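Structure first, then comments.
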Amino acid sequence: MLVNDWMNSPVVTVDVSDSMHKAVNLMHEHKIGILPVLENGKLIGIVTDRDLKRSAPSDVVLFDIKDIVYHLARVQVGAIMTPNPVALRPDHTIEEAAQMLREHNISGCPVLDAEDQIAGIITKNDIFNALTSTAGIINKGIQFGLLVVDRPGSIKEVTDVIRTFKARLVSILTTYDKAPDGYRCLYIRVFQVNRDKLPQLKEELAKTARLLYMVDLRDGTRETYASY
């Protein structure tokens, strides 16, 4: 999945000379927490709701409403923004975007096109939406966690078993993280499973891989069978 498919576009932006007051109003109006800052149409910074809160009067009790409005109106966005923000391209993958946000400990970042113009903005929530879509959780069904031998055909052996029970595959995810040497973790979500045949399905799966757990989102059943 590419950033282009999940980013928000068009993007609400502010100019470097705009006031904090305008930035606050834009965030409130559009229910967003990040604003790219432009100068002559080019991205030069980014301002977040956290920047605005940090730059607001430190003790509101000591200020009347006129003082607060005056403060917000006179301070320009350029004075509180983070300059030279990290940015992504539309053809970056969602996984690359997630890694970027994690490495820089940020909640979102701009997306620039080939001419370095703002094409969109991607946030943690967009990435969460993409990952939950990939996992197929909207279809609920059953997820099996398994430990399979890391060799060609081991995943097919598992999916072949599932198909013999006429269940539909929703998603297949694998990782080597936390798996012992020579193995990989396999997470399969299926639906349209005949619950009457579920015990036999688990029994057959256990013949091809180590069955770690099963979660049935239809009725909330959660079973753990083995550890890594």
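The values are calculated or read from the model by the stated rules, or taken from the named source; none is laboratory data. Source: prediction; values computed, not measured. Virtual Cβ from ideal backbone geometry, glycine too; neighbours counted across all protein chains shown. Remember, those area values only see protein heavy atoms, side chains included, never the ligands or the DNA or RNA. Shrake-Rupley method; radii C 1.70, N 1.55, O 1.52, S 1.80 Å.
Accessible area per residue was computed with a 1.4 Å probe on protein heavy atoms; Asp196 scores about 130 Å².
Under the criterion of Cα pairs below 8 Å and six or more residues apart, the relative contact order for the chain equals 18 percent. Spin-label model, Ser133/Thr159: points 7 Å from Cα along the beta carbon direction are separated by 2.1 nm.
Within the full protein context, the accessible area of Tyr183 is estimated at about 80 Å² for a probe radius of 1.4 Å. Straight-distance candidates among the lysines for linking to Lys124, with alpha-carbon spacing under 23 Å and chain neighbours fewer than 8 residues away dropped: Lys31, Lys53, Lys140.
For the chain, the pair-distance distribution built from all alpha carbon pairs, in bins 5 Å wide starting at 0, is 1, 6, 12, 13, 12, 10, 8, 8, 8, 7, 6, 4, 3, 1, 0 percent.
Is it possible to state the helix-based mean residue ellipticity at 222 nm for the chain, with each DSSP H run of 4+ residues giving -39500 (n - 2.57), the sum divided by total residues, to the nearest 500 deg cm²/dmol? What is it? Don't skip to the end; give the middle numbers.
On the way: 7 runs with 73 residues, N = 228.
Helix-only estimate at 222 nm: -9500 deg cm²/dmol.
Taking a ≥ b ≥ c as the square roots of the eigenvalues of the alpha carbon gyration tensor, segment 154-211 is prolate, as a/c is not under 1.5 and a/b beats b/c.
Computed on segment 1-48, with alpha-carbon pairs under 8 angstrom and 6+ residues apart, the relative contact order is 31 percent. Heavy-atom accessible area of Phe191 with all protein chains present, probe 1.4 Å, nearest 10 Å²? Approximately 50 Å² for this residue.
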